[in-house]
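Read the structure below first, then the notes.
The values are calculated or read from the model by the stated rules, or taken from the named source; none is laboratory data. This is a predicted model, so every value here is computed, not measured. FYI the Cβ positions are ideal-geometry reconstructions off the backbone, even for glycines, and counts take in every protein chain you see. We work out accessible area using only protein heavy atoms, side chains counted, and drop any ligands, DNA or RNA first. Shrake-Rupley method; radii C 1.70, N 1.55, O 1.52, S 1.80 Å.
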Amino acid sequence: MSNRRTRRAAVTGIGVVAPNGLGTDAYGKSVGEGLGVLDLISREGCEHLPLRVAGEVRAFDPAALIEEKFLVQTDRFSHFAMAAAALALDDAGLGGDPAEPFSIGVVTAAGSGGGEFGQRELQKLWGQGSKFVGPYQSIAWFYAASTGQISIRGGFKGPCGVVASDEAGGLDSLAHAARAVRRGTDVMVVGAAEAPLAPYSMVCQLGYPELSTVDDPDRAYRPFTEKACGFVPAEGGALLVVEDETRARERGVPVRATVAGHAATFTGASRWAESREGLARAIRGALDEAGCAPEEIDVVFADALGVPEADRAEALAIADALGAHGTRVPVTAPKTGIGRAYCAAPVLDTVAAVLAMEQGRVPPTPNVFDICHDLDLVMSRARPTELRTALVLSRGLMGSNAALVVRRGDESAR
């Protein structure tokens, strides 16, 4: 038991494939500057749908980053995940064949799976017959495909898993990885990537009443304002390398952050008023696990759904859990500039939190200027300040709530 208590989960590598940039530097620069990249959807077959605006990953060539033998087996969401995993492993100094494959595991979160691949093969089934359906249809659409392909491609044989959940599953996957490290696994590759912009996937999303169908990219996603009209979806994601902190320092690689605390609750699909209590409980649980007082939180990365009832519940939950500090702590939602990438959204927020702590500035919330809640929401431009501890929040359309506390890398060494 003593070994479990002393092992700390450290973030040593980050890889990003996002609508606002490929790679951590590009993503961090865009988030820090508050650039908005939401635009009209350009994907073929989507022209007639009422969902008009999204965050697309436009400058991404999977063939330049992933071997052909993997490309033919996988959907776009796995292409994002494999590319981001490779970037994260290189960042952590773990590229190449692993010396101890059983010491490295993989866990990803997925909310929609491989819709584009599945749609293509089903069209072949109904248009040409079963003999024209490829053998990889059975695995490419599956929620666990990214976990499997990352582990196969990297030769990783440690603990592997998938969190098949709603948006909050992105934070839950980070908690799974941190706990695996505390139990004895040396390294975990963890995160989420989504590709929900194929026509079939978009039609499925039209059933969400929280979805924004506004066709102006600057006005389609404006949480915490009186004109909030829902959320805008996005594709892309991020993968992180999380490993035992002592091992990382022995390897001589920088500890970018530590995963300090996590908690999750469930309050039911679209029951946004009730999410106030559920999210507040998750925040308190994450603070307790981290041994963190409310006043120690230096920045909150908000869920920011963009639905008036949900936004109000989140603002109240922050106040409930953090007390008076909840109205003073800087709050931000960088996802308003790129869209809400389902399970990948809170992982991208976690990356933004790590970069914010490294850079000493809270990134702004793009396209939001006139909030109607008692929050210190950072708008227009980044706010320079020392950041040691960040709180990342997420809620899912199906009712999950999660909170994650991350600390700056040099804080854990004290």
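Kindly write out, for segment 271-288 in residue order, the coupling ³J(HN,Hα) from the Karplus curve 6.51 cos²θ - 1.76 cosθ + 1.60 (θ = phi - 60°), rounded to whole Hz, with x marking Gly and Pro.
9, 5, 4, 6, 5, 4, 5, x, 5, 4, 5, 5, 4, 4, x, 5, 5, 4
Quick one: the Cα spread of the chain along its three principal axes, in angstroms, biggest first?
63, 53, 35
Using unit Cβ charges (K, R positive; D, E negative) and no other charged atoms, how large, in debye to the nearest 20, is the dipole of the chain about its Cα centre? Walk me through the intermediate numbers first.
Values: 41 positive and 51 negative charges, 164 e Å.
Once rounded to the nearest 20, the dipole reads 780 debye.
Write out the GluC sites (Glu not before Pro) in segment 155-250 meeting two conditions: DSSP loop, and at most 16 other Cβ atoms within 10 Å of their Cβ. Please list the in-between numbers first.
On the way: sites: E167, E194, E210, E226, E235, E243, E245, E250; in loops: E167, E210, E226, E235.
The qualifying sites are E226.
Can you give me the C-alpha center-to-center distance between segment 349-412 and segment 215-234, rounded to a whole angstrom?
When both Cα centres are located, 19 Å separates them.
Fully extended, how many nm does the chain gain between R249 and A293 (0.36 nm per residue separation, minus their Cα-Cα distance)?
Working: separation 44, 0.36 × 44 = 15.84 nm, distance 2.70 nm.
Going from the current span to full extension adds 13.1 nm.
Computing the accessible area with a 1.4 Å probe over protein heavy atoms, can you report the carbon and sulfur percentage for the chain?
On the way: 8100 of 15820 Å².
After summing per-atom areas, the C and S share lands at 51 percent.
Sort the following peptides by mean Cβ neighbour count (other Cβ atoms within 10 Å, averaged over residues), highest first: 307-314, 125-132, 35-42.
Values: 307-314: 22.6, 125-132: 9.4, 35-42: 17.2.
Per-residue Cβ counts within 10 Å, averaged per peptide and sorted highest first, yield 307-314, 35-42, 125-132.
Could you work out the local net charge near A177, counting Lys and Arg as +1, Asp and Glu as -1, over the other residues with Cβ closer than 13 Å to its Cβ?
Working: positive: R7, R8, R179, R182, R183; negative: D172, D186, E243, D244.
Local charge sum for A177: +1.
Give the percent of DSSP beta bridges with both residues in segment 287-414 that are antiparallel, rounded to the nearest 5.
On the way: 9 of 16 bridges.
Expressed as a percentage, antiparallel bridges in segment 287-414 total about 55.
Go ahead and collect, in residue order, the members of segment 154-171 whose backbone nitrogen is under 18 Å from a label point 7 Å along the Cα-Cβ direction of D97.
154-158
Across segment 342-350, in residue order, what do the Karplus-derived ³J(HN,Hα) couplings come to in whole Hz, using 6.51 cos²θ - 1.76 cosθ + 1.60 with θ = phi - 60° and x for Gly and Pro?
Computed from phi, the couplings for segment 342-350 are 6, 4, 6, 4, x, 6, 4, 5, 5 Hz.
List residues of segment 147-162, by number, whose backbone nitrogen lies under 15 Å from a label position 7 Å along Cα→C-beta of V72.
none
Along the charge dipole of the chain, which of V187, A220, H325 sits closest to the positive end, that is, farthest toward it, with unit charges on the beta carbon of Lys, Arg, Asp and Glu (+1, +1, -1, -1)?
V187
Looking at the chain, send over the antiparallel percent of its DSSP beta bridges, to the nearest 5. Mind showing how you got there, number by number?
Numbers: 41 of 62 bridges.
For the chain, the DSSP antiparallel bridge percentage is about 65.
Taking 8 Å as the Cα distance limit and 6 or more residues as the minimum spacing, I'd like the relative contact order of segment 4-250 as a percentage.
Values: 534 pairs, mean separation 80.0, N = 247.
That works out to 32 percent.
I want to verify the translational diffusion coefficient of segment 268-340 in µm²/s; compute it with Stokes-Einstein, Rh as the Kirkwood radius over Cα pairs, at 10 °C and 1.306 mPa s. Please report the intermediate quantities before stating the final value.
On the way: Rh = 12.7 Å.
Estimated via Stokes-Einstein, D reaches 125 µm²/s.
Show that you can apply the helix-only estimate: for the chain, add -39,500 (n - 2.57) for every DSSP H stretch of four or more residues, divide by all residues, and state [θ] at 222 nm to the nearest 500. Show your work: numbers first, answer last.
Numbers: 13 runs with 139 residues, N = 414.
Taking each H run of at least 4 residues, the total per residue is -10000 deg cm²/dmol.
Per-residue counts of other Cβ atoms within 10 Å, averaged by peptide: what ranking do you get for 101-111, 16-26, 170-180, highest first? Don't jump to the answer; show the numbers that get you there.
On the way: 101-111: 25.0, 16-26: 23.0, 170-180: 26.5.
Packing order, densest peptide first, comes out as 170-180, 101-111, 16-26.
Using Cα centres only, tell me the gap between segment 1-60 and segment 290-343 in whole Å.
One Cα centre to the other: 19 Å.
Tally Lys and Arg at +1 and Asp and Glu at -1 over the other residues with C-beta under 12 Å from the C-beta of G23: what net charge comes out?
Values: positive: K29; negative: D25, D90, D91.
Computed value for this residue: -2.
Top mean-square fluctuation among A345, A273, A64, Gaussian network model of the chain, C-alpha springs under 10 Å?
The residue with the greatest mean-square fluctuation here is A64.
If you filter segment 56-115 for trypsin sites (Lys or Arg not before Pro), then keep DSSP loop positions with at most 13 other Cβ within 10 Å, what is left?
Details: sites: R58, K69, R76; in loops: R58.
Qualifying residues, ordered by number: R58.
Convert each backbone phi in segment 389-401 into a coupling constant with the Karplus relation 6.51 cos²θ - 1.76 cosθ + 1.60 (shift: θ = phi - 60°), then list the ³J(HN,Hα) values in order as whole Hz, x for Gly and Pro.
With the stated coefficients, segment 389-401 comes to 9, 10, 10, 10, 10, 8, 10, x, 5, 8, x, 7, 10 Hz.
If you put +1 on each Lys and Arg Cβ and -1 on each Asp and Glu Cβ, how big is the dipole of segment 259-408 around its Cα centre, in Debye rounded to 20?
Working: 15 positive and 18 negative charges, 63 e Å.
So the dipole magnitude of segment 259-408 works out to roughly 300 debye.
Could you give the size of the charge dipole of segment 4-250 about its Cα centre, using +1 on the Cβ of each K and R and -1 on the Cβ of each D and E, expressed in debye and rounded to the nearest 20? All intermediate terms of the calculation are to be shown ahead of the outcome.
On the way: 23 positive and 31 negative charges, 161 e Å.
Roughly 780 debye, rounded to the nearest 20.
Counting residues in segment 4-250 as N, plug N into 2.2 N^0.38 Å and put the Cα Rg over that result. Don't jump to the answer; show the numbers that get you there.
Working: Rg = 18.7 Å, N = 247, 2.2 N^0.38 = 17.9 Å.
That works out to 1.05 for segment 4-250.
Starting from the amide H of G261, placed 1.01 Å from N in the peptide plane, find each other amide H under 5 Å away whose residue is 5 or more places distant or on another chain.
For G261, whose amide H was placed from the backbone, the distant partners under 5 Å are V405.
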